[in-house]
Structure formats: structure tokens, C-alpha cells
Amino acid sequence: QVQLVESGGGLVQPGGSLRLSCVVSGSIFISYGMGWYRQAPGKQRELVATITRSHSANYVDSAKGRFTISRDNAKNTVYLQMNSLKPEDTAVYYCNAELQKTRSSGMSAYWGQGTQVTVSS
């Protein structure tokens with residue numbers, strides 16, 4: 001069974017940093033686009049950053065200059081380095097990945113279970 005397993009969330013003071021990781025657990029043929037989304041209480045889930053297999057990245061405006069998304073294709077892992085964190089970054093962060101399980105199967109989207117990030121003094 002293929003799952004996305006996230007780690008790295010926690011409590012951090014404003015201005016601090018956290019690094020989120022998301023690894024694909026289980027056997028797959030190939031991973032395509034990967035990304036991070038977040039959902040704050042009472043708000044809709046929003047895109048934070050995405051990265052293609054060829055490492056082309058895009059960010060929501062509020063993350064530009066502070067967050068960096070990266071990936072290791074050999075390890076089927078995506079990272080989100082978050083610096084200069086603000087209280088408004090507080091949310092549950094979800095990993096998303098487009099995966100092809102076998103050579104003959106189609107591509108499907110998978111979601112992680114979410115990891116809580118809280119920015120507070």
C-alpha cells in the first residue's frame with residue numbers, strides 16, 4: 001500500500017525555522033509532481049509550494065523568499081524548508097504527490113495525513 005508519511009512539524013517561535021519531510025512509503029514506479037498544502041482552522045486548504053520531477057518550483061506569494069521546496073527523486077521524498085516563520089503560517093501542512101504505481105498503471109494523486117505547524121511565542 002502506498003502512503004505519504006510526513007514529519008518535521010512542531011511548535012516554533014516567530015522568526016524560527018522548521019523543515020518538513022514527506023516520504024513515499026511503499027513500492028511505486030515513478031513520482032511526478034509533489035507539493036505542500038496547508039489548512040488553517042476555519043480556512044480552506046491552500047497550495048504552499050509545488051515542485052516538478054525536474055525540480056522546477058512554484059510558491060504561493062506569502063511563501064516566496066521564506067520557504068524552499070526540494071525533492072530527492074531517488075528517495076521519493078519531498079522537503080519544505082520554512083524560514084522566518086510567522087504566526088499566520090500556523091496550519092496543518094499536507095504533502096501531495098502524483099504517483100504511478102506500476103509501469104502500466106495510470107497516475108494518481110496521494111495525500112499525507114498532515115503535520116501540525118504552530119508559530120507562537
**Item:** Cα-only radius of gyration and Dmax that characterise the stretch 1-61, units Å
**Value:** 13.8, 40
**Request:** Any chance you could run the full-extension gain for T68 through S105? It's 0.36 nm times the residue separation minus the Cα-Cα distance, nm to one decimal.
**Result:** 10.2 nm
**Message:** With unit charges on the beta carbons (Lys and Arg positive, Asp and Glu negative) and the dipole taken about the Cα centre of the chain, which residue among N58, T77, F29 sits farthest to the positive side?
**Reply:** F29
**Fill in**
Listed by chain and number, the residues whose amide H is under 5 Å from that of G16, excluding neighbours fewer than 5 places away on the same chain and using placed H, are L85
**³J(HN,Hα) computed for each position of the stretch 57-64 - Karplus, 6.51 cos²θ - 1.76 cosθ + 1.60, integer Hz, glycine/proline x** = 10, 9, 10, 5, 4, 5, 9, 4
**Complete:** With x for Gly and Pro, the residue-by-residue ³J(HN,Hα) of the stretch 18-25, computed from phi through the Karplus equation 6.51 cos²θ - 1.76 cosθ + 1.60 at θ = phi - 60° and given in whole Hz, is 9, 10, 8, 10, 9, 10, 7, 9
**Fill in**
The rounded separation in angstrom of the Cα centers of the stretch 1-34 and the stretch 45-121 is 7
**Prompt:** Whose amide H sits under 5 Å from the amide H of V48, counting only residues 5 or more places off or on another chain, with H placed in the peptide plane?
**Reply:** W36, Y37, R38
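Whenever you get a sec, compute what percent of the accessible area on the chain sits on carbon and sulfur atoms (1.4 Å probe).
Using a 1.4 Å probe with all protein chains present, the chain comes out at 47 percent carbon and sulfur.
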**Request:** Would you mind computing Rg(Cα) / (2.2 N^0.38 Å) for the stretch 49-120, counting N as its residues?
**Result:** 1.25
**Item:** Largest-first principal axis extents, alpha carbons of the chain, Å
**Value:** 50, 25, 23
**Request:** At 1.4 Å probe size, with every protein chain present, just tell me what the per residue accessible area of the chain comes to in Å².
**Result:** 53
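The values are calculated or read from the model by the stated rules, or taken from the named source; none is laboratory data. These figures come from a predicted structure and were not determined experimentally. Note that each Cβ is placed from the backbone with ideal geometry, even for glycine, and that neighbours are counted across all protein chains shown. Heads up: the accessible areas ignore ligands, DNA and RNA and are worked out on the full protein's heavy atoms, side chains in. Shrake-Rupley method; radii C 1.70, N 1.55, O 1.52, S 1.80 Å.
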